[in-house]
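Report on the structure given below.
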Amino acid sequence: MASEARYNIVGVSQSKMFPANVVGAQVRNYRSKAGLTQKELSDLCQREGLRMPRGTLAKIESQVRFVKACELFIIAKVLKVPLEHFFRAISPASKSKSR
């Protein structure tokens, strides 16, 4: 029997050195600015057709769970934040502006 390689297909980070996503902190930031709890954001995403339990959102915000592009699209829509704003903290342009 050939051995099979094991991959982290669910997107959960194996090490705190390498987060599963780079936008989780921004999701938390914009959710807080909107005055929403995780449960409230979860419910609003559900109304837009995205099933995202509060626990899943918590894992995304803590950068433990991979966030799919379609999930981030709905989160951005619900929070009324342009999608590119979630990447500002990591873009090279934002780093050069802060100098």
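Please treat every number below as a calculation from the coordinates, not as lab data. None of these values were measured; they are calculated from a predicted model. Quick reminder, even Gly has a Cβ in these numbers, built from the backbone with ideal geometry, and neighbours come from all protein chains shown.
Quick rundown of the values:
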read-out	value
Region 24-83 shape via C-alpha gyration tensor axes, a/c threshold 1.5	rounded
Chain lengthening between SER62 and LYS77 when straightened (0.36 nm per residue, less Cα-Cα)	3.4 nm
Calculated from backbone phi, Karplus (6.51, -1.76, 1.60) coupling profile of region 69-81 in Hz, x at Gly/Pro	4, 5, 5, 5, 4, 5, 4, 4, 4, 5, 7, 6, 10
For region 24-83: relative contact order, % (alpha-carbon pairs under 8 angstrom, 6 or more apart)	39 percent
Label point 7 Å beyond Cα of PHE18 along Cβ direction - residues of region 55-69 with amide nitrogen under 13 Å	none
Amide hydrogen neighbours beyond the local backbone of MET52, cut-off 5 Å, H modeled	GLN46
Estimated FRET transfer efficiency when R0 is 25 angstrom, pair ALA25-GLU48 (beta carbons, to 0.05)	0.65
